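One structure below.
The values are calculated or read from the model by the stated rules, or taken from the named source; none is laboratory data. Predicted, not measured: the structure shown is a model, and the values here were computed from it. So basically every Cβ, Gly included, is an ideal-geometry build from the backbone, and we count neighbours across all protein chains shown. Please note that ligands, DNA and RNA were not included when accessible areas were found on the heavy atoms of the full protein model with its side chains. Shrake-Rupley method; radii C 1.70, N 1.55, O 1.52, S 1.80 Å.
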Amino acid sequence: DNSLKLIDFGLSIRLPEGHKLRDRQGTPYYLAPEVLNKNYDNKCDVWSCGIIMYTLLTGRPPFNADHNLEIMRLIKIGEYYMTGKQWTNISPQAKDLITKILCYDPKKRFSAKQALDHQWFQLDKVQLENQVLFQRQNNIH
């Protein structure tokens, strides 16, 4: 079974347009830089989806460390890399989407709608399944 289940929505709320949140809450790996700065809106969720996508495609998170404080320090810097063996077979469309949803500046970051309209999601289903199978065979450690 190739099911993926996203869990832990205990902190989720509907945020009215234009409102900002100021509490630092969430799992460190998935926190957006603006959450660490305690001034964020729904674009932080797009960032978290980017972390999930990056991790699923490469087998490791973009900001990885042994301790939560170090993970948060790396997120605040905001530099991640798409180089190395694990990126060889990742499509240009996937890389492009990751750069748009892991954009450090939330004003420039894709919205959820823009992300879903991205060409990576428009790839032929068979092509996408073949790509995922190929990546699993070559990238999972």
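Values as computed for the structure displayed
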{"item": "Whole-percent carbon and sulfur share, accessible surface of the chain, 1.4 Å", "result": "53 percent"}
{"item": "With DNA, RNA and ligands ignored, accessible area of GLU79 (1.4 Å probe; Å², nearest 10)", "result": "110 Å²"}
{"item": "Eligible lysines near LYS95 by straight Cα distance, threshold 27 Å, same-chain separation 8 or greater", "result": "LYS5, LYS43, LYS76, LYS85, LYS107, LYS108, LYS113, LYS125"}
{"item": "Built amide H within the under 5 Å cut-off of ILE90, gap 5+", "result": "none"}
{"item": "Computed label-point distance, nm, for sites ASN39 and SER3 using a 7 Å Cα→Cβ extension", "result": "4.3 nm"}
{"item": "Helix axis angle, 125-139 relative to the chain longest principal axis, alpha carbon, degrees", "result": "90 degrees"}
{"item": "Cα-based Rg and Dmax for the chain, where Dmax is the largest Cα-Cα distance (Å)", "result": "15.5, 44"}
{"item": "Only Lys, Arg (+1) and Asp, Glu (-1) charged, at Cβ; the chain dipole about Cα centre in debye", "result": "280 debye"}
{"item": "Whole-Å semi-axes of the ellipsoid equivalent to the stretch 1-78 (Cα gyration tensor, √5λ, descending)", "result": "21, 18, 10"}
{"item": "Listed peptides 108-114, 9-15, 51-57 by packing density, highest first (mean Cβ within 10 Å)", "result": "51-57, 108-114, 9-15"}
{"item": "Mean accessible surface per residue for the chain, computed with a 1.4 Å probe while every protein chain stays in place, in Å²", "result": "68 Å²"}
{"item": "The chain: relative contact order as a whole-number percent, Cα under 8 Å and 6+ apart", "result": "22 percent"}
{"item": "Probe 1.4 Å - accessible area at ARG22, Å² to nearest ten", "result": "140 Å²"}
